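The block underneath contains the structure these notes are about, expressed in structure tokens.
The values are calculated or read from the model by the stated rules, or taken from the named source; none is laboratory data. Keep in mind the model is a prediction, meaning the values are calculated, not measured. Here Cβ is always computed from backbone atoms with ideal geometry, including for glycine, and neighbour counts include all displayed protein chains.
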Amino acid sequence: MKNFLTGTGVAIVTPFTKKGTVDVKALERLIKHLINGKVEYIVVNGTTAESVTLTKQEKQLVIDTVVKTNKKRLPLVLGIGGNNTAEVVEAIKHTNLKDFSAILSVAPYYNKPNQKGYYEHYKAVSKASKLPIILYNVPGRTGSNVTVETQCKIARDFKNIVATKEASGSIEQIMRIIKNKPKDFMVISGDDNLTLGVIAYGGVGVISVVANAFPKDYSDMVRAALKHDMEKAQKLHYKLVDITDQLFTDGNPAELNMP
């Protein structure tokens, strides 16, 4: 598991046609693009895929397309998360997970749970899942932060929660998690422009957005950093830093350009 999550995972986007339907052909091309770009794994139906606004049928179409196109060449992680704990548990129990190696589960959004609430949420998710789980902390989206203490307690108490995708934007918080976490618990960057720093502090890689477009450059940067080749890693980081900023100019789900 540690080898599988070390390096670059890509939270794939969901391409749409002009008619507002999932663009299957474009999705197939994207998966082939990522495989050719030599990323380590693919995250399906994460929040970058606009999963919060996809129907169940659209989510299943995305899964079927990715699985068929990937042909078991790269490990797959499935996003199953939300602010309704019972619904997340039922989704985990009733989803066919045979083609997936792990689950990425975003912290509950909108509800703004206290830290005990986050702990109990992930306790229920842990109990429901037979696959390893990646906790996803993204306060800019959820409206509330899963603290260092809570993440480390979750990591100690639930052995199948094996990693955190940390998108708090706080290097201080990330350092504290790395310092205090259990030895085998992995810290994965959730912010593309912070990945180089996260790896320098002891993180194992990234679940990236920009790698949808630039998989080779980005995954080469991550591998160089993990090998402590900072000259190469810095060169690739600064090649992509302005592009990454541009990709986050607007949020997602994106607005439709209605006439």
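Exactly one residue among T65, T85 is touching a His at 6+ places or on another chain (Cβ under 7 Å), at pLDDT 95 or above and of a type outside the set (A, V, I, L, M), and that residue is T85.
Take P113 and tell me if it is touching a residue at least 24 places away in the same chain (Cβ under 8 Å), assigned to a loop (DSSP other than H, G, I, E, B) and in contact with a Gly (Cβ under 8 Å, 6 or more places away or on another chain).
No: the conditions fail for P113.
Applying the criterion of at least 2 residues that are within 18 Å of S105 (Cβ to Cβ) and not aromatic (F, W, Y) to the helices (runs of 4 or more DSSP H) found wholly in segment 144-237 leaves 148-157.
Anything in segment 22-52 that is of a type in the set (S, T, Y) and at pLDDT 95 or above? List them, or say none. Y41, the sole residue that qualifies. Out of the residues in segment 8-50 that are surrounded by fewer than 21 Cβ atoms within 10 Å (Cβ to Cβ) and of a type in the set (G, A, S), state the one that is farthest from the chain's Cα centre (by Cα). By that ranking, first place goes to G20.
Results for (1) part of a loop (DSSP other than H, G, I, E, B); (2) out of contact with any Cys (no Cβ under 6 Å at 6 or more places or on another chain); (3) touching a residue at least 12 places away in the same chain (Cβ under 8 Å), shown as yes or no for each residue.
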site	(1), (2), (3)
E28	no, yes, yes
I42	no, yes, yes
E58	no, yes, yes
V66	no, yes, yes
T69	no, yes, yes
N83	yes, yes, yes
V88	no, yes, yes
K98	yes, yes, no
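Only a single criterion out of (1) β-branched (V, I, T); (2) under 15 Å from the mean Cα position of the chain (by Cα); (3) closer than 17 Å to G82 by Cα is not satisfied by V162, namely (3). Filtering segment 179-200 to residues that are more than 18 Å from the chain's Cα centre (by Cα) and closer than 28 Å to K239 by Cβ leaves only A200. All of S168, S189 fail the test of being within 19 Å of I154 (Cα to Cα), small (G, A, S), surrounded by 20 or more Cβ atoms within 10 Å (Cβ to Cβ) and out of contact with any Asp or Glu (no Cβ under 7 Å at 6 or more places or on another chain), apart from S168.
Which residues, taken from segment 1-26, are in contact with a strand residue (DSSP E or B) (Cβ under 7 Å, 6 or more places away or on another chain), part of a loop (DSSP other than H, G, I, E, B) and not hydroxyl-bearing (S, T, Y)?
M1, I12, D23
A single entry from S129, S144, S168 fulfils the requirement of being over 20 Å from V206 (Cβ atoms), free of Cβ contacts under 8 Å to residues at least 40 places away in the same chain, in contact with a Pro (Cβ under 9 Å, 6 or more places away or on another chain) and not acidic (D, E): S144.
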